[in-house]
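Engineer: Okay, handing you the structure first.
Only the coordinates and a few stated rules stand behind these numbers; no lab work does. As the structure is a prediction and not an experimental result, all values here were calculated from the model. Note that each Cβ is placed from the backbone with ideal geometry, even for glycine, and that neighbours are counted across all protein chains shown.
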Amino acid sequence: MDIATNKKMLSPSDSEREILNIVRRQASISRADITAHTNLSQQSVHRIVDGLIQRRLLASQKAIVKGRGKPSPQITLDTQSTASIGVSIGTNVIEYTAVDLSGRAICDGILKTHPNDRDAALAELEQLIHELGGSGPLTDRRFIGVGVAVQGYRTTHPNRFTTPVPLDNWARLPIDEIFEERLQYASFVENNATSAAIAELFCGGGKKHRCFGYLSFNHGFGCGIIWNDEPVFGGHGNAGEISSIFLDDEAPHRPALGELLNRLSDRGQDLTFQRLLDAFDPTWPGVADWIEEVKPNLDLVIRGLSAILDPNAIFFGGKAPAELRKLLIDACGPADQDRFGATKPYPELLPSEIRGDAATLGAAMLPLQKIVF
């Protein structure tokens, strides 16, 4: 089956998409209760749900008895029939994960290929998908597509990125087109911060907050923006490139983990970036000083997002260890007060609810977000 035909078969109508998203947010909901969340008639809801069950996008489970009358069957996403794969191209490794329709991981791992060896990475991924779908964990699942998360910002082409130097072989190339041509599956690409925000939207705290910012603390520092359950890309596709607000002399004082690594090295700590992530200790000499150093610029970012986006929440995520995320949240200044002494509306500052690399998970959700939801 060609890519266009597969997309068309999977792509729901607007009403079907509405119901799929209702079920996604609720996890499990009765047919009767779905109607209360939409302007569609009960008859239309039942007809659409039946059609989505036949297409194996929804599943019907045992009814839950609620008082008198015939109980209504519970409707959930069909998590047994489809799969989507996400690939995160980092400066050190290429990670992958395959997920079901709910975003639950089916399998994951790391490619053996060096991230900057584009041809070898595509060849290994092509073989991996063949093995996963042949006799592996994706056997008998419909393959929706491939999502790619990459570090960098968009240039003159919608899906070409200026990448960090260690990923020069991916720079300014149509990554989605390259993946689609090689793998013969619908392919999508996004930067790692927006990918991580998409993961938070579908699989984390975004289920409770439909408008939020996502701060991605990695070797660099980025941001993803979600508005009304949709990622915001902006006019040039670079919405959320928050580090661009810092001048050259300010950039070393932004909350990028690469800068923390430099400060710890200056204090005599012999650390790699991976060691920083795996063995982080808040009592290391230099950690408290770095938090104090980046606090003004972190507060600037929070105030900027609050003033421009007015989000309900801002999630602190990326590869930053959980303890470091908490330290950064605790360091942020309080909300301002108005002239009556009342606290102005301000976003909740929350640690990301995603475990592991949110960018890889978000990449796996890209085909689902683009085609299904």
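Engineer: Taking the highest mean first, how do the peptides 226-233, 248-255 order by number of other beta carbon atoms within 10 angstrom per residue?
Structural biologist: Working: 226-233: 16.5, 248-255: 14.4.
Ranking, from highest mean packing down: 226-233, 248-255.
Engineer: In addition: Give the Rg (one decimal place) followed by the Dmax (whole number) of segment 207-353, computed from C-alpha coordinates and expressed in Å.
Structural biologist: 15.7, 51
Engineer: Ok, one more. Please compute the volume of the convex hull spanned by the alpha-carbon atoms of segment 70-111 and report it per residue in Å³.
Structural biologist: 61 Å³
Engineer: I've got another one for you. Amide H of residue 153: which non-local residues (sequence gap of 5 or more, or other chain) have their own amide H closer than 5 Å, using H built in the peptide plane?
Structural biologist: Counting only residues 5 or more places away or on other chains, the set is 162.
Engineer: Can you give the angle from 0 to 90° between the axis of helix 257-266 and the longest principal axis of the chain, with both taken from C-alpha atoms, to the nearest 10?
Structural biologist: Between the helix axis and the principal axis of the chain, the angle is about 30 degrees.
Engineer: Taking residue 112 as the anchor, which aspartates and glutamates have their alpha carbon closer than 19 Å to its alpha carbon, excluding any fewer than eight residues away along the same chain?
Structural biologist: 95, 124, 126, 131, 168, 357
Engineer: At 0.36 nm per residue, and after removing the present C-alpha to C-alpha distance, how many nm does the segment from residue 37 to residue 267 gain when stretched out fully?
Structural biologist: 77.2 nm
Engineer: Right, here's the next one. Please state the charge dipole magnitude for the chain, taken about the Cα centre, from unit charges on C-beta atoms (+1 on K and R, -1 on D and E), reported in debye and rounded to the nearest 20.
Structural biologist: 1800 debye
Engineer: Restricting to DSSP H runs of at least four residues, report the calculated mean residue ellipticity at 222 nm for the chain, -39500 (n - 2.57) per run over all residues, nearest 500 deg cm²/dmol.
Structural biologist: So the helix-based figure for the chain works out to -11000 deg cm²/dmol.
Engineer: Rounding to the nearest 10 and keeping the result within 0 to 90°, find how far the Cα-based axis of helix 287-308 lies from the longest principal axis of the chain.
Structural biologist: 50 degrees
Engineer: Under a point spin-label approximation (7 Å from Cα along Cα-to-Cβ), what is the residue 157-residue 353 distance to one decimal in nm?
Structural biologist: According to this spin-label approximation, the distance is 3.8 nm.
Engineer: Please report how far the C-alpha centroid of segment 197-275 lies from that of segment 167-182, rounded to the nearest whole angstrom.
Structural biologist: 23 Å
Engineer: Using a Förster distance of 35 angstrom, determine the FRET efficiency expected from the C-beta separation of residue 322 and residue 300, and round it to 0.05.
Structural biologist: On the way: r = 24 Å, r/R0 = 0.69.
Calculated transfer efficiency: 0.90.
Engineer: Using only Cα atoms and rounding to the nearest 10 degrees, what angle (0 to 90) does helix 118-134 make with the longest principal axis of the chain?
Structural biologist: So the inclination is approximately 30 degrees.
Engineer: Length gain on complete extension for the stretch residue 105 to residue 25, per 0.36 nm per residue less the alpha carbon to alpha carbon distance?
Structural biologist: This chain segment gains 27.0 nm when fully extended.
Engineer: Restricting everything to alpha-carbon atoms, can you work out Rg to Rh for segment 221-308 with a Kirkwood hydrodynamic radius? Walk me through the intermediate numbers first.
Structural biologist: On the way: Rg = 15.3 Å, Rh = 14.7 Å.
In segment 221-308, Rg relative to Rh is 1.04.
Engineer: Sticking with this structure for a sec: In whole Hz, with x marking every Gly and Pro, tabulate ³J(HN,Hα) for segment 21-35 from phi via Karplus 6.51 cos²θ - 1.76 cosθ + 1.60, θ = phi - 60°.
Structural biologist: 6, 4, 5, 4, 5, 8, 6, 8, 8, 6, 4, 4, 6, 4, 4
Engineer: Also, quick follow-up: Ignoring the sites themselves, what is the longest stretch of the chain with no trypsin sites (Lys or Arg not before Pro) in a DSSP loop and at most 16 other beta-carbon atoms within 10 Å?
Structural biologist: 268-338
Engineer: Which shape class applies to segment 167-236: rounded if a/c is under 1.5, otherwise prolate when a/b exceeds b/c and oblate if not, where a ≥ b ≥ c are the square roots of the Cα gyration tensor eigenvalues?
Structural biologist: prolate
Engineer: Here is a further query. With the Cα gyration tensor of the chain giving a ≥ b ≥ c as the square roots of its eigenvalues, does the rule (a/c under 1.5 for rounded; else a/b larger than b/c for prolate; else oblate) give rounded, prolate or oblate? Intermediate results must be reported in sequence, preceding the final value.
Structural biologist: Values: a/c = 2.02, a/b = 1.31, b/c = 1.54.
Oblate shape, in that a/c is at least 1.5 and b/c is the bigger or equal ratio.
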